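Input: a single structure, listed below in structure tokens.
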Amino acid sequence: MSEELTSVPKESPPAPRASPREVWKKGGRLLSVLLAVNVLLLASTLISGGAFNKVAVYDTDVFALLTAMMLLTVLWILFYLLRTVRCPDAVPYRDTHAGPIWLRGGLVLFGICTLVMDVFKTGYYSSFFECQSAIKILHPLIQAVFVIVQTYFLWVSAKDCIHVHLDLTRCGLMFTLTTNLAIWMAAVVDESVHQAHSYSSSHGNSSTGHTRLAPDPERAGSTVGGDPCPCDTTICQIFQQGYFYLYPFNIEYSLFASTMLYVMWKNVGRLLASPSGHSHSPSHVSLFRETFFAGPILGLMLFMVGLAVFIIYEVQVSGEAGRTQQALVTYYSFNIVCLGLMTLVSLSGSVIYRFDRRVMDHHKNPTRTLDVGLLMGAALGQYAISYYSIVAVVVGTPRDLLGALNLTHALLMIAQHTFQNVFIIESLHRGPPGAELHETLPKEPCQGLTFANLDALHTLPACPPTPGLVSPSPDGPQEAEATILAPRGHWRRRCLKDISLFLLLCNVILWIMPAFGARPHFSNTVEVDFYGYSLWAAIVNICLPFGIFYRMHAVSSLLEVYVLS
């Protein structure tokens, strides 16, 4: 009997039947969401009110609320680790897509920096203990405990699909997520107030003098204005400046934790087809392997040049007007070159995908859905700032070099975000290497096909030898499947890896610049003069944190794209 070569598509296993305890899943989710919304609105009200002198909400009230939320969160996490997961059949499934190692590694890194920030903050408030409320010293200490407990919890439990204490777990996860968002909002408001004080001191703008949540560094060394707690020692000023520079890491830690908690919340009560789920991630990652090295080398060059430009900008921007103008020209010129290259590289990646025969992955994946939503949502912040800048430059009266650079920068920022999002989102939906189309027999029959008859493979002259096959599973049917992987080191795969690494390094430097204090939005007075300081400061302080988060989230997504290429 002749053996026929057939292409057999992989069929998804049937979805498991829902258990009776999952009948009210939407109701349980609704209850936890309502709890989170109410707590978040309360925290937002106190945090925003505590930032202004004219509102009778004190910073101690904000610290007290955040401390109470962190304590409650720590208690729930301990209950989860000591009681919930130890119940019989508590975690029958684990989502292999949730909490990848690079995301948990980033969480640990940012958590360590947050702990250092808490040390600096404790030292700062302890410098004048006799005139400060005890809650200001207690808050960073409780936050340190919170960071340690939560980091351990997310490291060991990020992949859990919990099936006991469903409603309690959903509410606990949502409350923990809300706590992280409240900490993020407090840090963003604190940093924005700090920037407002700095701008007020350098420009003599009294309209920014109605904020008080962050300590004013310009008043730190004296009792001008009746400040009852002067920071008049060298060690105090070191602590103060240190914890402000560490705020970006605290902000990113809160956002990383929030994304992981949301995926855990989506996985509560989730039924998977198999205990292991669908995993496309390789067991190990070798950086720079199977690349042309052009992407990493060019990315590192731009990264180093960007650091030099950032240092020059920070040194010169606070000086005389001529040096500020030169610093802005240098800053905008570098960003224009970097954004232009990133746009072209993202476009080339999308073009390469037109020749890629890998199938699209349509499996349900809460992690990927969240990644796509965050990329699209966070980009809106930078879109808003760019469009406001475009209107100010085009409609405004100045027609000089700085205006032209500002306009070009804004247009390229919009284009770069758009094409990078298209590239990342398409990459995340592509199958892993070897997952080429199964429906029809392509011209190169040895790339990514699934065959039901292994003996028939040897009749193909172009097929590789048997070691190129994936060994069939011993638990599988008699007619076992074998997947023939695409040739290693294929040019498309190498190009995609180079593109991913180049974009990753560029996003890192574009995160560093605004996260550590580069504010050309205020140094360049076009928008300030056109909109007025109050309106422009509100636009930047609301939208820029989302733009900063976009860069770091893009780094995480691009690392996953690199692994899957």
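The string of couplings for region 110-126 from the Karplus curve (6.51, -1.76, 1.60, θ = phi - 60°) is 5, x, 4, 5, 5, 5, 4, 4, 5, 5, 5, 5, 5, x, 5, 6, 6 Hz, one whole number per residue in order, with x for Gly and Pro. Annotation for THR234 and ARG492: the two label points, set 7 Å from Cα along the Cα-Cβ direction, are 6.3 nm apart.
Heads up, I need the accessible area for VAL508: 1.4 angstrom probe, whole protein in place, Å², nearest 10. Rounded to the nearest 10, that gives 30 Å².
Note that region 550-555 has calculated 3J(HN,Hα) couplings of 4, 4, 6, 5, 5, 4 Hz, one per residue in order, obtained from phi through the Karplus relation 6.51 cos²θ - 1.76 cosθ + 1.60 (θ = phi - 60°); glycine and proline are x.
Taking R0 as 41 Å, what FRET efficiency do you get between PHE128 and ILE425 from their Cβ-Cβ distance, rounded to the nearest 0.05?
Numbers: r = 50 Å, r/R0 = 1.23.
Calculated transfer efficiency: 0.20.
Note on TYR387 and LEU141: the extension gain reaches 84.4 nm, defined as 0.36 nm multiplied by sequence separation minus the Cα-Cα distance.
How much of the accessible area of region 488-561, probe 1.4 Å, is carbon plus sulfur, in whole percent? Reported share for carbon and sulfur atoms: 65 percent. Diagonalising the gyration tensor over the Cα atoms of region 127-179 and scaling each eigenvalue by 5 before taking the square root yields semi-axes of 33, 13, 6 Å, largest first. For ARG430, the residues whose modelled amide H falls within less than 5 Å of its own, excluding neighbours fewer than 5 places apart on the same chain, are ASP361.
With R₀ fixed at 25 Å, the C-beta to C-beta distance from SER350 to PHE293 puts the FRET efficiency at about 0.70. For LEU75, the solvent-accessible surface with a 1.4 Å probe is about 110 Å², rounded to the nearest 10. Taking label positions 7 Å along the Cα-Cβ direction at both VAL315 and PHE79, the computed distance is 5.6 nm, reported to one decimal. Our coupling estimate for region 386-393, obtained by passing each phi through the Karplus curve with A = 6.51, B = -1.76, C = 1.60 and θ = phi - 60°, is 5, 5, 4, 5, 4, 4, 5, 6 Hz, Gly and Pro reported as x. Between the amide H of TYR93 and those of CYS161, distances stay under 5 Å, these residues lying 5 or more places away or on another chain, with hydrogens modeled in the peptide plane. For the residue pairs LYS266/LYS497; LYS26/LYS136; LYS26/LYS364, the alpha carbons lie more than 28 Å apart in LYS266/LYS497; LYS26/LYS136.
The values are calculated or read from the model by the stated rules, or taken from the named source; none is laboratory data. Every value quoted in this text rests on a predicted model; they were computed, and no experiment measured them. No Cβ is skipped: glycine too gets one built from the backbone with ideal geometry, and neighbour counts run over all protein chains shown. Surface accessibility is based on the protein's heavy atoms, side chains included, excluding ligands, DNA and RNA. Shrake-Rupley method; radii C 1.70, N 1.55, O 1.52, S 1.80 Å.
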